[in-house]
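Below you'll find the structure, written out as structure tokens, and then a few comments.
The values are calculated or read from the model by the stated rules, or taken from the named source; none is laboratory data. These numbers come from a predicted model, not from an experiment. Here Cβ is always computed from backbone atoms with ideal geometry, including for glycine, and neighbour counts include all displayed protein chains. Quick note on the areas: whole protein, heavy atoms, side chains included, nothing else; ligands and nucleic acids left out. Shrake-Rupley method; radii C 1.70, N 1.55, O 1.52, S 1.80 Å.
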Amino acid sequence: MSAHENTDQHVEGAPHASFKEYMIGFGLSVILTIIPFWLVLAGGFDSRGMTIFIVIAFGVMQMLVHMIYFLHLNTKSEGGWIVISLAFTVLLVMIVIAGSIWVMFHLDSNMMPMLMDAAKPSP
Amino acid sequence: MSTNTPSAEQIENAPKFLVDEEPHHAPGSLLGFWIYLMSDCLIFAILFATRAALAPNVAGSPLPQEVFDIPLILLSTFCLLLSSITYGFAVLQMQLNKLNGTILWLGVTGLLGACFIGIEIYEFSHLIHVGASPQSSASWSSFFALVGTHGIHVTFGLVWLIVLIIQAKKHGLTVPNKRRIFCLSMFWHFLDLIWIGVFSVVYLIGVV
């Protein structure tokens with residue numbers, strides 16, 4: 001059997017992509033990219049925290065757009081295992097990133113208040 | 001108890017605890033490749049966490065807002081986003097079994113990926129030139145580790161892309177080649193997804 005006889009078959013388990021899906025994903029991605037860049041180039045909001053929040057929110061939205069329209073993820077692909085492994089990974093990523101930031105930003109805090117009292121110069 | 005031997009009907013309706021055949025599973029490696037991508041995701045999570053923790057520690061080296069060129073990053077972002085959609089067109093052509101169309105769009109994807117890498121190399125050399133080198137401070141070490149790891153991924157994606165174009169030219173769109181092209185599409189879209197995190201967290205928040 002020559003290899004060329006197989007060419008009409010599709011890869012088993014591969015989702016069927018459509019032109020419409022890719023164009024919707026691309027259009028949304030362009031919008032979700034331009035807005036945060038424009039916001040930052042324009043100087044952002046008065047509150048730095050608000051600008052950071054908006055940039056991250058647009059980033060998360062664009063990641064979701066990529067997963068749905070480019071990676072064709074849905075709850076049924078590969079018997080649900082794709083979504084389960086994704087959920088587990090997102091959990092680990094959250095623990096690693098949020099946990100690291102939480103720990104590192106508290107390194108400057110006093111470790112034991114009692115010791116700090118003892119460190120004060122005695123009158 | 002009426003009888004000890006079950007009737008044929010009872011056997012038919014009895015619950016089965018042994019599967020007659022192996023459950024059918026697609027021989028493709030898409031789930032396995034997805035698990036690999038998730039493990040790669042954890043590598044990037046650690047690098048993102050390191051960057052977030054060390055970003056303020058510039059130790060006298062240039063500040064990100066002094067040296068980042070945001071319009072250039074917008075350009076490289078669009079190179080990568082366009083390469084994602086052109087890879088999508090390659091997959092669409094592959095579904096229609098059009099070999100030349102697939103190779104054409106894979107080639108366009110490769111060119112856009114090469115543009116992205118070119119811009120990144122230019123940016124890195126510029127940063128090192130103005131004193132923001134990997135050894136200058138913890139902040140820039142974490143920057144080069146994160147962005148550099150992403151760039152290495154894209155570079156190896158390009159090597160894989162070139163190999164696949166040669167394979168497709170030589171053997172046509174066989175099922176193994178289709179599977180490989182589909183796996184690389186997942187890899188390529190995944191790298192674009194990671195880049196969203198990079199330009200949001202490293203570049204945009206870096207200059208706010």
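Brief remarks on what is shown
- Test: residue A:72 is open to solvent by less than 60 Å² (accessible area, probe 1.4 Å), under 24 Å from residue B:42 (Cα atoms) and within 8 Å of chain B (Cβ to nearest Cβ): no
- Of the residues examined, residue A:45 is not one that is closer than 24 Å to residue B:79 by Cβ and of a type outside the set (Ser, Thr, Tyr).
- Filter pass, residue B:138 being within 13 Å of chain A (Cβ to nearest Cβ), more than 23 Å from residue B:90 (Cα to Cα) and not aromatic (Phe, Trp, Tyr): yes
- The set of residues in the range B:175-188 that are within 7 Å of chain A (Cβ to nearest Cβ) and surrounded by fewer than 22 Cβ atoms within 10 Å (Cβ to Cβ) comprises B:175, B:179, B:186.
- The set of residues from the range A:45-88 being touching a residue at least 60 places away in the same chain (Cβ under 8 Å) and of a type in the set (S, T, N, Q) comprises just one member, A:77.
- Test for residue B:167: is it within 14 Å of chain A (Cβ to nearest Cβ) and not charged (D, E, K, R): yes
Residue by residue, here is whether (1) loosely packed, with under 15 Cβ neighbours inside 10 Å; (2) modelled with pLDDT of 95 or more; (3) at the interface with chain B (Cβ under 8 Å from one of its Cβ atoms); (4) not in a loop (DSSP other than H, G, I, E, B) holds:
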position	(1), (2), (3), (4)
A:12	yes, no, yes, no
A:16	yes, no, yes, no
A:30	no, yes, yes, yes
A:45	yes, no, no, no
A:53	yes, no, no, yes
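- Residue B:50 vs. criteria closer than 19 Å to residue A:40 by Cβ and part of a helix (DSSP H, G or I): no
- Condition check for residue B:117: within 17 Å of residue B:72 (Cβ to Cβ) and of a type in the set (Val, Ile, Thr): yes
- Considering only residues in the range B:3-59 that are more than 30 Å from residue B:189 (Cβ to Cβ) and among the acidic types (Asp, Glu), the one that is modelled with the highest pLDDT turns out to be B:9.
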